[in-house]
Amino acid sequence: MKKIKIGITGQEGFIGKHLYNTLGLSNDTFVRVDFNKNNFNSPALLDEFVKQCDVIVHLAAKNRHNDPEVIYNTNIELVNKLISSFENTKSKPHVIFSSSTQEEKENSYGKSKKNGRILLENWAKLNNSKFSGLIIPNVFGAFGNPYYNSVVATFCHQLTHNETPKIDVDGDLKLIYIDKLIKNIINIIMSPSNQINYISIPHNYETKVSSLLTKLNDFKLKYFEKGEIPDLNNDFDKDLFITFLTYIDHKTFFPFKLKKNTDNRGSFVETIKLNSGGQISFSTTVPNITRGNHFHTRKAERFAVIKGKALIELRKIDTNEVLSFELDGNEPSFVDMPIWYTHNIKNIGNEDLYTVFWINEMYDPNDPDTYFVTV
């Protein structure tokens, strides 16, 4: 099967980065055509990008500025530059345009998204090309920018950095988790239809701003003070907690020290306190052996060292910074692994290393969500 060549404007943004990385997990199906924001400043570079693409997902947009006209003019200009490039190169890619529920509101961002969608739709009709205009609800998930992408990102950042969140308007939120949005976009990419589509992406969750903050405050209380995993049997709680974990400053928070109770019988340590299920495993590792070197896209995971000496390393995918933690079973402790961080554990001592692992899903060999990449 011919591979689909996909370019993403706004590749480095919140949604763009998730889409780019997820497409990279299916190298047999997709080829990613890299995009740089400077391409919009050079017609030649933009033409070269456009010519390579079977599909262009147009995510690049400005959504905040002191001057509303700058928001509107910038977003319309980006659309017009794309259309000019299509005409210059005689390209007819499937264009997927991200709009938002803000289209319903009389603000500059909403107007720019609505009018930009119409411009691209008209181009597609004139050129008999495929177009999908997506109306997307509020998106939350790992690595969203606080004070920019969503109130979830802002609250998570504030609570994990000892700031006090404030509710300005206790409105109703309709939310979609980033992983579910990306699956929607990939399904649209793979759709055989050649028509003009106007697609309203359904939200997954509804909540009040105050209810969201109450839930996140509960996460912080349980997790920061007790290392306790909240109840994750509800999909919203699971997606929210996995998002919350990615805002923790690993450099200062880990390793999390556990209380070791010792008497004449030996010692006892509570390693993992759960309010939900998942899978708990135990391993021994001989000296100088490394386990792991993989990452997950949806699973929360904990490594708790109870005997021996270990080096735990983490690296966020597509970055070079490696976070390193030394753990000693004489002071039992754990490190939790955020999604999209490849991680490993190595026995750096002279005796067997004993480790207890927790992950929030039971292992499914048909859907392991485990991707091997060296830290």
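The values are calculated or read from the model by the stated rules, or taken from the named source; none is laboratory data. Quantities reported herein were computed from a predicted structural model and do not represent experimental measurements. Using ideal geometry, Cβ is built from the backbone for each residue, glycine included, and neighbour counts are taken over all protein chains shown.
Here are a few things to note about the model shown:
- Flag for PHE40 being under 20 Å from LEU119 (Cβ atoms) and without any contact (Cβ under 8 Å) to a residue 40 or more places away in the chain: no
- Considering (1) of a type outside the set (A, V, I, L, M); (2) surrounded by fewer than 17 Cβ atoms within 10 Å (Cβ to Cβ); (3) touching a Gly at 6+ places or on another chain (Cβ under 8 Å), the lone condition that ASN66 does not fulfil carries the number (3).
- Test: residue in region 323-336 that is in contact with a Leu (Cβ under 9 Å, 6 or more places away or on another chain), without any contact (Cβ under 8 Å) to a residue 40 or more places away in the chain, in a strand (DSSP E or B) and among the small types (Gly, Ala, Ser): yes
- Subset of region 246-279 (residues that are within 27 Å of PHE236 (Cβ to Cβ) and of a type in the set (Gly, Ala, Ser)): SER276, GLY277, GLY278
- Scanning region 143-182 for residues that are at positive phi and within 13 Å of the chain's Cα centre (by Cα) gives a single hit, PHE143.
- Just one of the listed residues (LYS226, LYS222, LYS215) is over 18 Å from THR271 (Cα atoms) and surrounded by fewer than 21 Cβ atoms within 10 Å (Cβ to Cβ), and it is LYS215.
- Every residue from region 237-285 that is more than 19 Å from TYR363 (Cα to Cα), within 23 Å of the chain's Cα centre (by Cα) and buried (at least 16 other Cβ atoms within 10 Å of the Cβ): ASP237, LEU240, PHE241, THR243, PHE244, LEU245, THR246, TYR247, ILE248, HIS250, PHE254
- For LEU314: the one exception among (1) of a type outside the set (S, T, N, Q); (2) surrounded by fewer than 17 Cβ atoms within 10 Å (Cβ to Cβ); (3) in contact (Cβ under 8 Å) with a residue 40 or more places away in the chain; (4) out of contact with any Asp or Glu (no Cβ under 7 Å at 6 or more places or on another chain): (2)
- Some residue of region 34-49 being under 23 Å from THR297 (Cα atoms), surrounded by fewer than 17 Cβ atoms within 10 Å (Cβ to Cβ) and at pLDDT 95 or above: yes
Matching residues to (1) among the β-branched types (Val, Ile, Thr); (2) under 22 Å from PHE224 (Cβ atoms):
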{"residue": "LYS307", "(1), (2)": "no, no"}
{"residue": "LYS316", "(1), (2)": "no, yes"}
{"residue": "LEU323", "(1), (2)": "no, yes"}
{"residue": "ILE348", "(1), (2)": "yes, no"}
